[in-house]
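**Q** What follows is a single structure, and I will ask about it in a moment.
Any read-out appearing in this document is the output of simple, stated calculations on the displayed coordinates, not a laboratory observation. Here the structure is a predicted model, which means the values were calculated and not measured. Here the Cβ positions follow ideal geometry from the backbone for every residue, glycine too, while neighbour counts run over all protein chains shown.
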Amino acid sequence: MSQDLYELLGVARDADGDAIKKAYRRLARQYHPDVNPDPEAQERFKEISLAYEVLSDPNKRASYDRGGDPFGGAAGGFGQGAGFSFTDIMDAFFGGGAGASAGRGPRPRERRGQDALIRLEVTLAEAAFGVTRELKVDTAVLCTTCRGEGTAAGTHPIPCETCHGAGEVAHVQRSFLGEIRTLRPCAACRGFGSIIPEPCRECSGDGRVRSRRTLTVKIPAGVDTGTRVQLAGEGEVGPGGGPAGDLYVEITIAPHATFTRHANDLHCTVTLPMTAAALGTTLTLPTLEADVVGEDGPADPELKTTFELEVRPGTQSGADRILRGLGVPGLRGGRGDLVVTIIVETPTKLDARQEELLRELAAIREEEAPSGQVRPGQKGVFGRLRDAFNH
Ligand code: ZN
């Protein structure tokens, strides 16, 4: 597949069926061999027809969106025209039911509802170890008054008089392809084939009403900002009481006071006095698990809420210590690391005694008049990036 099918039709990736159909019709008028004898236009017409064949079919489109080959791996790709039928072109031009005999009958009132999306902010610990949350969701739900039928109590839909229940009426159209009789959805009943004489008052005949519900959502351990948790059948109920779409909960992680997350690794900074860095010490520091304890009552004895950080004598400012397995658990198992950056603090306020001691130390170390060692500049991330561009 050399070219993007959406680009070929000039539509956005989230274009709906109508937009795709419109785009195809516009391009087909321009490139159809009957109106444009140019051989290049013929090639183009084949391409846009194939693009339309894929994008107008929800299954093929979904497969294409997932990166699959919509032509089932057939060699050649464009120009093969495999599986493309004249009916598809006619459908695009005349809005379905092309040909006098290709009627499709009334369309059902009941249709699947749309998916819904809500955003949820969680703490870093909740994202790492999982959490169960109560969520308030606003979606269309089944109208309990009419149970989705859309009719007032004691009434029922009656057959449409215009199309006699067929949902379609015949039209004759002139086009560059000749005179063609087509079936179009009946305007009187909007293609349903029936009319609701007395709509349900609760839902105005839609079969569904908007409602606020509280849902209990289980967020699995290891989610990250942007992760979407799918709740099947918790989205919008469809028109006519059709099955509900899915609800997606999109996760955002709130900033943490101590830890920042990079993929499944955690990063933090520890500040140490100069003397401790020189002499070495052992620090006891809280893990991310410490956040979980306290909020959820009694601590799990298995939970490691602290870790020991051994600072070796002579540790330099900026040194990184990597603690394996103290990061964030992955969605598919495993666990990231904790990277601790040690910052050594130079004392700023010295009293007379401290200054005396430091001067004595400097004298012993013969550091009273240091020359300062000049070395090549240390390259940070930006320096390395610059190098990458220059070479
Ligand atoms: Zn109702």
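**Q** Could you work out the pair-distance distribution P(r) of the stretch 98-251 from its alpha-carbon pairs, with 5 angstrom bin width and percents rounded to whole numbers?
**A** 2, 9, 13, 13, 12, 10, 9, 9, 8, 6, 4, 3, 1, 0
**Q** Rounded to whole Å, give me the distance from the Cα center of the stretch 324-358 to that of the stretch 119-152.
**A** 43
**Q** For the stretch 173-328, go through all pairs of different Cα atoms, get the mean of 1/r, take its inverse, and jot down that Kirkwood value in Å.
**A** 22.6
**Q** Only four residue types carry charge here, +1 at the Cβ of Lys and Arg and -1 at the Cβ of Asp and Glu. Report the dipole size of the stretch 260-364 about the Cα centre in Debye, rounded to the nearest 20.
**A** Taking the Cα centre of the stretch 260-364 as origin, the dipole is about 340 debye.
**Q** If you don't mind, there's one more thing I want to ask. May I ask you to evaluate 6.51 cos²θ - 1.76 cosθ + 1.60, the Karplus curve with θ = phi - 60°, for each residue of the stretch 138-154 and list the ³J(HN,Hα) values in order in whole Hz, giving x for glycine and proline?
**A** 9, 9, 6, 10, 4, 6, 6, 5, 10, 6, x, 6, x, 9, 5, 3, x
**Q** In what order do Glu308, Glu236 fall by count of nearby beta-carbon atoms within 10 Å, going from fewest to most?
**A** Ranking Glu308, Glu236 by Cβ neighbours within 10 Å, fewest first, gives Glu308, Glu236.
**Q** If we count other beta carbons within 10 Å of each Cβ, what is the order of Thr151, Thr182, Thr269, Thr281, fewest first?
**A** Arranged by neighbour count, lowest to highest, Thr151, Thr182, Thr269, Thr281 become Thr269, Thr281, Thr151, Thr182.
**Q** Can you tell me which lysines have their Cα less than 25 Å from the Cα of Lys22? Leave out same-chain residues fewer than eight positions away.
**A** Reachable lysines: Lys46, Lys60.
**Q** Further question on the same structure: Given N residues in the stretch 260-364, what is its alpha carbon radius of gyration divided by 2.2 N^0.38 Å?
**A** Cα Rg divided by the expected 2.2 N^0.38 Å: 1.40.
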